[in-house]
Every structure is written in structure tokens, then in C-alpha cells.
1. Keeping to segment 143-172, report how many residues are assigned to a loop (DSSP other than H, G, I, E, B), closer than 20 Å to THR76 by Cα and charged (D, E, K, R).
2. Residues in segment 64-84: is at least one aliphatic (A, V, I, L, M), closer than 20 Å to GLY38 by Cβ and either touching a residue at least 24 places away in the same chain (Cβ under 8 Å) or touching a helix residue (DSSP H, G or I) at 6+ places or on another chain (Cβ under 9 Å) (or both)?
3. Considering (1) free of Cβ contacts under 8 Å to residues at least 40 places away in the same chain; (2) surrounded by 20 or more Cβ atoms within 10 Å (Cβ to Cβ); (3) out of contact with any Ser or Thr (no Cβ under 9 Å at 6 or more places or on another chain), say which one LYS95 fails and leave the rest.
4. Tell me yes or no: at least one residue of segment 107-124 is farther than 27 Å from GLU51 by Cα, in contact (Cβ under 8 Å) with a residue 12 or more places away in the chain and either touching a His at 6+ places or on another chain (Cβ under 9 Å) or not acidic (Asp, Glu) (or both).
5. Look through segment 50-65, keep the residues that are farther than 16 Å from ALA92 by Cβ and either buried (at least 17 other Cβ atoms within 10 Å of the Cβ) or of a type in the set (A, V, I, L, M) (or both), and return whichever of them is modelled with the lowest pLDDT.
6. What about GLU101, is it without any contact (Cβ under 8 Å) to a residue 60 or more places away in the chain and part of a loop (DSSP other than H, G, I, E, B)?
7. Restricting the search to segment 98-129, which residues are among the β-branched types (Val, Ile, Thr), surrounded by fewer than 19 Cβ atoms within 10 Å (Cβ to Cβ) and closer than 17 Å to LYS35 by Cβ?
8. Taking the condition of being under 17 Å from ILE166 (Cβ atoms) and in a strand (DSSP E or B), how many residues in segment 87-96 meet it?
Amino acid sequence: MRGRLKNAVLLALLPVLAAWADVLKYGDGKADGQKSFGGNGHLLKVTAPAENMKIKGIKIHGARYGLPKPPDEDFTVYILGEDMAVLHTEKAPYKLFERGEAKWVNVNFKQSADAPATFWVCLDFNAHQTKGVYVSYDTSTGGQYSQVGLPGEKAEEVSFAGDWMIQVNVSK
């Protein structure tokens, strides 16, 4: 029982501890699987540890699939409010992701976004059978922060007990 309490306290402190390094993240950083969704997106709920923070960008652990040459198009990163309303939109090129083994990919925002106390990061790769990105997930958190969905649509629970490996780069 003591070990469970210790783990619960550590999990609760992860966002706060991570904020000292200007990165908001969950989990132990080890990928336990990966998923891609055609017609859907990856959603991660984030709580900012302080007021007046700015989102500078995100990091995604994943790998592209499809043809050897990346599609000449962008994917979309949305910052959503707690009510799932779009607060900020960024585009980034597919070519940031390589095929093969999953790696951390930086997506630096062209313009920083205000970070409300609680917000969602939503990734839309417009995935199909021949193109997309497998986003890694980490099961050390039990899946309490992740869902599947897109802006304007009803979000659904993930089918695994884990959270997307998405990190948020912030500043004061």
C-alpha cells in the first residue's frame, strides 16, 4: 500500500516537476505502444502549473508511415480550451517525422500561445492507409490524460491504459 501511495504522489507531481524544466509532460518517457487514427486525432489534457504561461511548441514521440518520401503537406496542432474550443492552431510539415523507429520530434510554434490553467493538445495528421504518424503512448500514467478526437467532435476514451507521448514546451 505504501508503494502505491508513493507512486500516486509522484504521478500527481509530474506536471509540477516537469514545469521546472519548462516542459510539461506525463509518464516515465518509455513508449509502450503506438497508434495512428484515420479521421481522428490524438488529444492530451494538460494542466499548467502556474499562471501566465506561454506555449512555445510541443514534442511528439512518433514515426511516420507510408511512402518513403513524406507527403508534401502539413499536419495540424491545435491548442484547445478545457471546453474543447480551439484557442490556437499551428501547422507543421510531415517531413519532420521519419519512417522507422519512433523518435522525439520538435514542433516549434511560429507564435507562442497563451496556456490556460487546463488545456488540450490535439494532433490531426489527416491519416490514411498510405500516410500518417504513429504516436507513441506510455502506460505508466494509467491513461488519465488522453483521449481520441478532433475539434468540434465528441472525444472518446483511448483503448489502452496509457497517455500520448506529447510534451509541451512552455515559458513564463
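The values are calculated or read from the model by the stated rules, or taken from the named source; none is laboratory data. This structure is a prediction, so every number in the text was calculated from the model and none was measured. Glycine also receives a Cβ, built like all others from the backbone with ideal geometry; neighbour counts cover every protein chain displayed.
1. Counting residues in segment 143-172 that are assigned to a loop (DSSP other than H, G, I, E, B), closer than 20 Å to THR76 by Cα and charged (D, E, K, R) gives 2.
2. We begin by selecting, within segment 64-84, every residue aliphatic (A, V, I, L, M); these are 67, 77, 79-80, 84.
Then drop every residue that is not closer than 20 Å to GLY38 by Cβ, which leaves 67, 77.
In the following step, the residues that additionally are either touching a residue at least 24 places away in the same chain (Cβ under 8 Å) or touching a helix residue (DSSP H, G or I) at 6+ places or on another chain (Cβ under 9 Å) (or both) were identified as 67, 77.
The answer is yes; a qualifying residue exists.
3. (2)
4. Narrowing segment 107-124 to residues farther than 27 Å from GLU51 by Cα: 124.
Pick out the ones that are also in contact (Cβ under 8 Å) with a residue 12 or more places away in the chain and you get 124.
Keeping just the survivors that are either touching a His at 6+ places or on another chain (Cβ under 9 Å) or not acidic (Asp, Glu) (or both) gives 124.
Yes - at least one qualifying residue is present in segment 107-124.
5. Restricting attention to segment 50-65, the residues satisfying the condition of being farther than 16 Å from ALA92 by Cβ are 50-54, 65.
Within this subset, residues satisfying the condition of being either buried (at least 17 other Cβ atoms within 10 Å of the Cβ) or of a type in the set (A, V, I, L, M) (or both) are 50, 53, 65.
Numbers: ALA50: 89, MET53: 94, TYR65: 97.
Applying the filter and picking the extreme gives ALA50.
6. Numbers: without any contact (Cβ under 8 Å) to a residue 60 or more places away in the chain: yes; part of a loop (DSSP other than H, G, I, E, B): yes.
Here the answer is yes, as GLU101 does meet what is asked.
7. Across segment 98-129, the qualifying residue is only VAL105.
8. Residues that pass the stated criteria total 6.
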